[in-house]
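Since every read-out is calculated from the coordinates, none of them should be taken as a lab result. The structure presented is a predicted model; accordingly, all values stated were derived computationally and were not measured. Cβ placement follows ideal geometry from the backbone for every residue including glycine, while neighbour counts extend to all protein chains displayed.
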Amino acid sequence: MYQGNYLAQHLRASSSGRDDAIFAVIEGEKSLSYGEFFKGAETYAAALIKRGVKPGDRVAVQVDKSIEVLKLYVGTIIAGGVFLPLNTAYTPAEIEYFLGDAKPQVFVCAPQKKDALKAISDKCKVGALETMDSAGAGSMYDLASTQMAGIKAVARDENDLAAILYTSGTTGRSKGAMLSHGNLWSNADTLRDYWGFSQDDRLIHALPIFHTHGLFVATNTTFAAGSSVYFMAKYDADAVLNAMNDATVLMGVPTFYVRLLAHPSLNKETTKNMRLFVSGSAPLLEETHVQWQEKTGHAILERYGMTETNMNTSNPYDGDRRAGTVGFPLPGVEVRIMDGETELPVGEIGSIEVRGPNVFQGYWQMPEKTKEELRDNGFFITGDLGMIDDRGYVSIIGRSKDLIITGGYNVYPKELELLIDDIDGVLESAVIGVAHPDFGEGVCAVVVPEEGATLTQESILDAIKDDLAKYKQPKKVFFVNELPRNTMGKVQKKELRDIYKDTFSV
Ligand code: AMP
């Protein structure tokens, strides 16, 4: 099926001949079979072609999560287009940048935003503006429902683009990471085998689908295995726990696990049907890993990936899942630790570079940026700092831009955060560098105390003073109720640096 279209053909292979098998169980609705899903995707493909989508044209989408969005994603692939999901939090001003940069042929937005986005869409010469609401209804659905299923897939090979995902862009403009049919399929194929996915699995899908984690890791792996999903519009701890009765896998960001740990019903009994808990997109605290194992008997499997590369490393399915590490390079993926042009030995911290069939094709219309980050030999400079230990486990130490240089010395925030998190009464912490008149940057710790704990700057500094060289010790400790995080659970250090930027100003 879908002969000649590399990704569509692979995504359909495991379910072909199994049209009645369940693909999705949708909250509050009946389940959707594989046959129904792909028929729906074909009608979207036909609708997109009717709206002028030609091979390689972008289909931009900024809508709430629904199963129709997934059909639209697969429909875009079948139509030979390039799927371009946008974070639902972006404002019209931000959308103007993305539309102007990507020049999509079709843009699908929420109906309530259509008026605000019409002029922008015209200005950016978008071919057609369509709508889709949180239930999947709107002009895009209406058009698709007048189309026949059974369309012949548009030919695309493994080097053709399947998607563009914009990076979150904490420094400067967001960059559009170009992912090919081969990039997406190679990762799904690998993850299915590495994590032991089969037709018997049911994955709890509570992640957003404008990001690589929910869109590709969760969804493509499910297609690759011909398994099914519990499809949830958003994360809700009660609903996730209920689903565990007959689900087998959860993919989540660390916050999912932290919130579930606070739920009174989480225990060995309520998780007994589950075979795998995966965490990624942000660091999982060792404490969360330990508590989870105590309460449920399951060791969370932590993995490491990014928009530009899909997944790079994973803790083993069979074997020691080590808290605080992201495991081994996945089959076919190479990971090396570099200091500039020199590869570093085991145990040393440096810049993480990756190479493999998962690594993207470059940044959309940014050849200079692509050259800076993607080496001629295929290694991608991830912007993460890390190390590989003598057993081959990779650990992430942080983003290179979060590295603090104080008085000429390097301070890795993670080293301090691990020590501070271990102090009695500390829930979690983030360590940042802010401008300092003498040292260039001064180290600050932002600490979230556990409920009822009484902590002071002195008590924190006292607890770590014997473990850290003087230059690494925070010059200032702040206490907050919670750390700022984005929807993927990543701590927003830039926001913290902005808040505390005048700490040492004279
Ligand atoms: P994104 O492109 O939004 O998926 O963000 C990718 C970044 O998230 C990576 O470059 C890492 O900095 C971070 N990240 C992803 N997974 C992990 C993990 N398991 N532990 C620590 N950081 C992670």
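Overview of results
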quantity	calculated
Inter-centroid distance (Cα atoms) of the stretch 290-355 relative to the stretch 1-29, Å	30
Signed unit charges on C-beta, dipole axis of the stretch 118-262, positive-most listed residue 243, 121, 211	121
Overall Cα dimensions of the chain, principal axis frame, Å, largest first	71, 53, 44
Built amide H within the under 5 Å cut-off of residue 130, gap 5+	107, 108, 109
Listed residues 352, 323, 335: farthest to the positive end of the dipole of the stretch 322-361 (Cβ charges)	323
Relative contact order computed over the stretch 190-334 (Cα-Cα under 8 Å; 6+ residues apart), in percent	20
Ranked by how many other beta carbons lie within 10 Å on average, peptides 371-379, 442-450 from highest	442-450, 371-379
Two-decimal ratio, the stretch 1-62, of alpha-carbon radius of gyration to 2.2 N^0.38 Å	1.28
Centroid-to-centroid separation of the stretch 177-244 and the stretch 431-506 [C-alpha atoms, Å]	36
Shape call, the stretch 115-242: gyration tensor on alpha carbons, a/c limit 1.5	rounded
The chain - charge dipole about Cα centre, Lys and Arg +1 at Cβ, Asp and Glu -1, debye rounded to 20	1620
Residue pairs, from the table 54/369; 65/125; 414/490; 401/494; 414/493; 30/234, whose Cα atoms sit over 20 Å apart	54/369; 65/125
Given charges at beta-carbon only (K, R positive; D, E negative), |dipole| of the stretch 26-182 in Debye	380
Net dipole in debye of the stretch 330-434 [+1 Lys, Arg Cβ; -1 Asp, Glu Cβ; about Cα centre; nearest 20]	440
Integer Hz, Karplus 6.51/-1.76/1.60 couplings in order for the stretch 257-265, x for Gly and Pro	6, 4, 5, 5, 5, 7, 7, x, 8
Residue 2 long-range amide H proximity, modeled H, under 5 Å	153
The stretch 365-409 and the stretch 267-283: distance between their alpha carbon centers, rounded to Å	29
Set of aspartates and glutamates with alpha-carbon distance to residue 371 below 17 Å, sequence-local pairs under 8 removed	308, 341, 353
Built amide H within the under 5 Å cut-off of residue 428, gap 5+	448
Per-bin percent of Cα-Cα distances, the stretch 44-152 [5 Å]	2, 14, 27, 26, 20, 8, 2, 0
Computed FRET value (nearest 0.05) for residue 400 with residue 93, which takes r as the C-beta separation and R₀ as 51 Å	0.95
Projected area averaged over orientations for the stretch 270-341, convex hull of C-alpha atoms, nm²	6.2
Model label zone, residue 342; criterion: amide N under 18 Å from point 7 Å along Cα-to-beta-carbon; scope the stretch 369-395	386-388
For the stretch 226-305: relative contact order, % (alpha-carbon pairs under 8 angstrom, 6 or more apart)	30
Proximal aspartates and glutamates to residue 123, defined as alpha-carbon separation beneath 19 angstrom and excluding residues fewer than eight positions away on the same chain	57, 94, 96, 101, 115
Per-q log10 I(q)/I(0), the stretch 354-468, q = 0.12 Å⁻¹ (Debye; single scatterer per alpha-carbon; no solvent)	-0.62
Average Cα contact separation per residue, the chain, under 8 Å, 6 or more apart, as relative contact order %	10
Bridge type composition, the chain - antiparallel percent by DSSP, nearest 5	60
Candidate lysines for bridging to residue 272, where Cα separation is under 21 Å - those fewer than 8 sequence places away on the same chain excluded	295
Peptides ranked, highest mean first, by Cβ atoms within 10 Å: ranges 59-69, 277-287	59-69, 277-287
3J(HN,Hα) from dihedral phi, the stretch 436-450, Karplus parametrisation 6.51/-1.76/1.60, rounded to Hz, x for glycine, proline	9, x, 9, 9, x, 10, x, 7, 10, 10, 10, 10, 9, x, 5
In order through the stretch 365-381: 3J(HN,Hα) via Karplus (6.51 cos²θ - 1.76 cosθ + 1.60), integer Hz, x for Gly, Pro	6, 9, x, 5, 4, 4, 4, 5, 10, 10, 6, 4, 7, x, 6, 9, 7
